[in-house]
Every structure is written in C-alpha cells, then in structure tokens.
Amino acid sequence: MLSLDPATLIARVIVLVITFTIHEFAHAWTATQFGDETPRQYGRLTLNPLAHLDPMGSLLLLVVGFGWAKPVPINPYALSRRSPAAVMWVSLAGPFSNLLMAIFAAVPFRMGLVSVSAGLTTTRAILPTLSQILVQFILINLLLCLFNLIPLAPLDGEKIIDYFLPPRMAKVFEDIRPYGPIILILLVLVAPRFGVDVIGLIIMPPLRALFGLLVG
C-alpha cells in the first residue's frame, strides 16, 4: 500500500473522495432512519465530500494506507429510544458500506471486462487505468472495512462489540475507551517503526483472502 507512483496516487485520491463520503453518509443515513436528526442538523446527511473529508486523515490514507474522515455526530439517547441496537447498526453501516463498494467494484473483474494483473502492475504512466482504479477501490474499501471493525475507540468496531458484550466485559471496554486513540496511534504509526506491525498482522490476511475471493 506504500507505492506512490503518480497513477496510484491519483487512483487513491479518486477512491478516497468516493469511499470516505459514502462511508460517512451511511452512518448519517442510518442514524436518521432510527430517528436521530443530529447528522442532518450538522450537515452530514449529504454526498458532498467536503462535508466528510478530514485533511489529516485523508493525507495519512494516501501515504500509509490508514486514515479517517470526520466522525458523524449522533445522539445515542435519541437512537436508544428507538432501539437498543440502534447505535450498533449505525456503527456497522460504515464498514458495511465499504464491503458493498468493494463487491460492486469487483464485478468488472468477475465479468472479465478488466484485468486484475494490469491493475496490480506499477507503471510510469501519470494517469491510472480503469483496472488500477478498481484495484485501489477494492483494496482501500476492504482495508477501511476491516480497520474500522477493530474494537478500539473511536473506531466503529468498539461500538459494535459493545452491544454484544456481557456487562462485565462491557465495563472493561468502557475503561479502555478514553485511551483508544492513543493505542491506535501507537499501533499504526509507532509500533511498525520497531518492526511490530500488529495492525498489519490483524488486517492483511483477511484482506488478501477477501480480495482474492472478490476478484477471483
């Protein structure tokens, strides 16, 4: 994910704008379906990328393959009045949208309309081919799906697993929650410098398996 030839960089920019926008819109849309108007009030129920992209998170995704968008504000109290599982479904909507986008982007490969090998080949061309864009689209969406399912705040996975945990375990995750961002920074940016890529060990095997499954 660290290749930054011009074609790959341009492909990632295209993918980033589409992917982050739909991911955050999925959160916002699902929240409103459960009666929470907070995303609409903050202007997040939109497909306008400017409402969702975070400058630092976008830059990191381009450079190191991990990043984030602006979190969609929600009102857990308003959601819980509609359903005890509402916060979980709102959180799951983002990663699920990434999985759906990856599946959709894999259709041309499955139909034999474009070549997977061509999409994985690094060239000196400035503009990316359709194959390169689709490969980046699938990889980044799978990456974001799996990364966001990690059960650490502020990732979606923390709120998803919280719904299924028994009270005693939920209390443990509640105690860890304030330190989630620090733990993530250490795991993503610091640990690899010392040869310990925990996130890679967690994400890359299922990412490779899902990519192979989708493109055949």
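The values are calculated or read from the model by the stated rules, or taken from the named source; none is laboratory data. The model shown is predicted, which means the values in this text are computed figures rather than measured ones. When we count neighbours, we look across all protein chains shown, and the Cβ atoms used for this are built from the backbone with ideal geometry, even at glycine. Note: areas computed on protein heavy atoms with side chains; ligands, DNA, RNA excluded. Shrake-Rupley method; radii C 1.70, N 1.55, O 1.52, S 1.80 Å.
Structure values in brief
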| item | result |
| --- | --- |
| Charge context of residue 174, other residues only, Cβ under 15 angstrom, K/R +1, D/E -1 | +1 |
| Gyration tensor (alpha-carbon) shape descriptor, the stretch 124-176, a/c threshold 1.5 | prolate |
| Rounded tilt (10° steps) of 198-215 against the dominant C-alpha axis of the chain | 60 |
| The stretch 142-216 - convex hull of alpha carbons, volume per residue in Å³ | 100 |
| Cα gyration tensor category, rounded, prolate or oblate, for the stretch 82-127 with a/c compared to 1.5 | prolate |
| Rounded tilt (10° steps) of 86-110 against the dominant C-alpha axis of the chain | 10 |
| Environment charge of residue 46, counting only residues whose C-beta is closer than 10 Å and scoring Lys/Arg +1, Asp/Glu -1 | +1 |
| Total formal charge among the other residues, if their Cβ is under 12 angstrom from that of residue 153, Lys/Arg +1 and Asp/Glu -1 | -3 |
| The stretch 98-134 and the stretch 154-216: distance between their alpha carbon centers, rounded to Å | 27 |
| Percentage relative contact order, the chain, counting C-alpha pairs under 8 Å, at least six apart | 23 |
| 0 to 90° range, to nearest 10: angle between helix 55-64 axis and the chain longest Cα axis | 50 |
| At R0 = 41 Å, FRET efficiency that the Cβ-Cβ distance of residue 130 and residue 82 yields, to 0.05 | 0.45 |
| Computed Kirkwood radius, in angstrom, where 1/r is averaged over Cα pairs of the stretch 8-89 | 13.3 |
| Bins of 10 Å, starting at 0 and running to the largest distance - Cα pair percent for the stretch 61-216 | 10, 32, 32, 19, 7, 1 |
| Cα-centred dipole magnitude for the chain, charges only on beta-carbon of K, R (+1) and D, E (-1), debye, nearest 20 | 140 |
| Residue-by-residue Karplus 3J(HN,Hα) for the stretch 136-152, coefficients 6.51, -1.76, 1.60, Hz, glycine and proline x | 4, 4, 5, 4, 5, 5, 5, 4, 5, 4, 5, 4, 6, 7, 5, x, 10 |
| The chain, accessible area per residue, ligands and nucleic acids excluded (1.4 Å, Å²) | 53 |
